[in-house]
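Participant: Got a structure here, written out as structure tokens. Questions coming.
The values are calculated or read from the model by the stated rules, or taken from the named source; none is laboratory data. The model shown is predicted, which means the values in this text are computed figures rather than measured ones. Virtual Cβ from ideal backbone geometry, glycine too; neighbours counted across all protein chains shown. Quick note on the areas: whole protein, heavy atoms, side chains included, nothing else; ligands and nucleic acids left out. Shrake-Rupley method; radii C 1.70, N 1.55, O 1.52, S 1.80 Å.
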Amino acid sequence: MTSIIANFSTAQISKLSTTTIASLTTEDMQALTVNQVKALSSTQISALDTDDVAVLSDDQLKSISVKSISGLTLDQLGVLDATKIVDFSSAQVAGFSTAQLDGLDSDQVTALTSDQVKGLTATQVSAFTSEDINLFTTDEIAAISTKAISGLSTDVIANLSTDSVAALGAKQIGSLSTTQIASLTSAQTGALSSDQVKGLTAKQVAAITTDAIAALGVEDLSSAAVVGLTTTQLDTLTSDQVTALTSTQIKALSATQLGAFSSDDINSFETDEIAAISSKSIAGLTTDAIANLSATNIAALTSAQVGALSSTQIASLTSTQVAGLSSDQVMGLSSKQVSAFTTDAIAVLSVENLSSAAVTGLTTTQIDTLGSDQVTALTSTQIKALSVAQLGAFTSEDVNSFETDEIAAISTKAISGLSTDVIANLSSASVGALSSAQITSLTSTQVGALTSTQVGALTSDQVKGLTAKQLPGLTTDALSALTVENLTSAAAAGLTTGQIDALSDDQVTALTATQIKGLSATQIEAFSVDDIKKFSTDDIAAISVKSIAGLTTDDLAGLDHTQIEAFSSSQLQAMKDPQVEAVIAAYQVV
């Protein structure tokens, strides 16, 4: 029959019934050509006796079609030794069902080649146990496709030997699901090479257990993967792991992640790592971490980082830390940050390095605690930025320590903040440095605090800066030192009757016709007879028609011939009858 079987066509062979197939002898099977074997269907293959399968040659086994290979029963596969398994093509093995793969014994699994393993699907891979996978050579482990590796169960993953884990490529590692990653043990993560760790994604990193993360070579994580570290994971990192973090990794950390580090962790950072913290993330540092930053780490902070600290973080800085801030760091502070400094911290701050915008954040309490050296160090630009309330916090000693250009820099709006005590104690140099615009901006109360010495030191331009509203505030003593001739006519109109009465002979004489022209009838009336006698003809002529009524009959009676002749017809016509009679009588006497 053997000779008969060998002569059947492949079409005839493919139509043989399973009963006929089952009746074939081993001699018949050995006589089949490779093309005839290739024509057998999966059903026909299943019908073969195990003895028949056992005698198939290497070429016959290789000729079983990919479509029919699934017909091999577990019993049939069981009679094939390891050398026969090796003969299957990768395409044939790719056609194996999970049941067939699961039925392979350890010798058969061991016999699988890397080419055969490479063709397996995720579903097929899922048929292998951890014992099976651990039988794979490193080449076979590495041959599992990145798509198929997802088929490894968590139990298989968790029981992979460190050698098997070490054999996985970076791309394979990167293809593991978060569930698979979560099943890795600390021994396995500890066995991962730097290239394998570099293959991890942020999503995978977040899935690693705390025990496993503690054994991971975190320094090998990519900056993209580092962002996946959870605060719980960061909290469990060992000191060696924290120290091993690179500046590139630290730069990628978020504010939330940075907040998970302890003060000891942060202080273990190198200066380039401190400088690498993003200005957005630095807000995550806890106040405890901030308060315990070493002098070296404080010095490593960039001006941008210092400028990004929250008010709460700023408030936690110690005086020692603040004293160590560089000029560039201080320049990076905002007004909101400055106002958050404790008084102890502000007392050691190099305030001269604050920007003019930041200076506006100084509270009155902080200003009150500034040392004399700090006050002296303030620049004219900074002083120019101070508000009314801020300027009011300075003592007379503070203000007198200002240079003349700093006094001149006080804004016209802010100068009203100087207390009367400060005003009264301004040195001659400080008073002399005030501009006419600043003088104009003083309140009547502040002007009232000026001493006679200070008023006497005012320049003509400064006196011209005085207003009618301010003059009533001048004390009699202060008024006695005023160079009244320098007052504007508008300001002179502000003199009270009491002040006019207190003017000295020299001051009355010094009054100009322009000033007198602006005086009211009430003010004119406040001059004594002797004062009026001192008026020049120009002064007499300058008295307004409306104010002529302020001249008393006694004033008029004391005028000399020249003064009377200085009256204009309009002035004379504005006089009341008693004044007219007094003028005529005085003129006749003359």
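Participant: Answer with yes or no whether Thr483 is closer than 16 Å to Leu466 by Cα, touching a residue at least 12 places away in the same chain (Cβ under 8 Å) and of a type outside the set (A, V, I, L, M, F, W, C).
Facilitator: Against the criterion (closer than 16 Å to Leu466 by Cα, touching a residue at least 12 places away in the same chain (Cβ under 8 Å) and of a type outside the set (A, V, I, L, M, F, W, C)), Thr483 qualifies.
Participant: Ok, one more. Name the single residue, out of those in the stretch 413-436 being among the hydroxyl-bearing types (Ser, Thr, Tyr) and surrounded by fewer than 21 Cβ atoms within 10 Å (Cβ to Cβ), that is farthest from Ser380 (Cα to Cα).
Facilitator: Only one residue fits best here, namely Thr420.
Participant: Would you tally the residues in the stretch 272-313 being over 11 Å from the mean Cα position of the chain (by Cα) and outside any helix (DSSP H, G or I)?
Facilitator: 7
Participant: Now a separate question. Considering only the stretch 188-240, state which residues are open to solvent by less than 60 Å² (accessible area, probe 1.4 Å), farther than 21 Å from Ile277 by Cβ and either outside any helix (DSSP H, G or I) or of a type in the set (D, E, K, R) (or both).
Facilitator: Of everything in the stretch 188-240, those that are open to solvent by less than 60 Å² (accessible area, probe 1.4 Å), farther than 21 Å from Ile277 by Cβ and either outside any helix (DSSP H, G or I) or of a type in the set (D, E, K, R) (or both) turn out to be Leu192, Ser193, Gly199, Leu200, Thr201, Ile208, Thr209, Ala214, Ala215, Leu216, Gly217.
Participant: Of the residues in the stretch 537-551, how many are among the hydroxyl-bearing types (Ser, Thr, Tyr) and open to solvent by 20 Å² or more (accessible area, probe 1.4 Å)?
Facilitator: Here the count works out to 2.
Participant: Considering only the stretch 94-108, I want to know if a residue exists there that is under 22 Å from Gln36 (Cβ atoms) and either open to solvent by 50 Å² or more (accessible area, probe 1.4 Å) or in contact with a helix residue (DSSP H, G or I) (Cβ under 9 Å, 6 or more places away or on another chain) (or both).
Facilitator: yes
Participant: Given the condition closer than 30 Å to Lys147 by Cα, part of a helix (DSSP H, G or I) and open to solvent by less than 10 Å² (accessible area, probe 1.4 Å), answer yes or no: does some residue in the stretch 16-31 qualify?
Facilitator: no
Participant: A follow-up question, please. For residues that are β-branched (Val, Ile, Thr) and within 19 Å of Gly448 (Cα to Cα), scanning just the stretch 476-515, find the one that is modelled with the lowest pLDDT.
Facilitator: Thr476
Participant: Given the structure, is Gly174 open to solvent by less than 20 Å² (accessible area, probe 1.4 Å) and touching a residue at least 12 places away in the same chain (Cβ under 8 Å)?
Facilitator: No: the conditions fail for Gly174.
Participant: Of the residues in the stretch 394-412, how many are buried (at least 20 other Cβ atoms within 10 Å of the Cβ) and either closer than 21 Å to Thr343 by Cα or of a type outside the set (Gly, Ala, Ser) (or both)?
Facilitator: Total meeting the criteria: 6.
Participant: Okay, next question. If Ser570 satisfies every condition in (1) open to solvent by 70 Å² or more (accessible area, probe 1.4 Å); (2) out of contact with any helix residue (DSSP H, G or I) (no Cβ under 8 Å at 6 or more places or on another chain) but one, which is the exception?
Facilitator: Condition (1) is where Ser570 drops out.
Participant: Considering only the stretch 123-152, state which residues are of a type outside the set (D, E, K, R), more than 19 Å from Asp105 (Cα to Cα), open to solvent by 40 Å² or more (accessible area, probe 1.4 Å) and not in a helix (DSSP H, G or I).
Facilitator: Thr146
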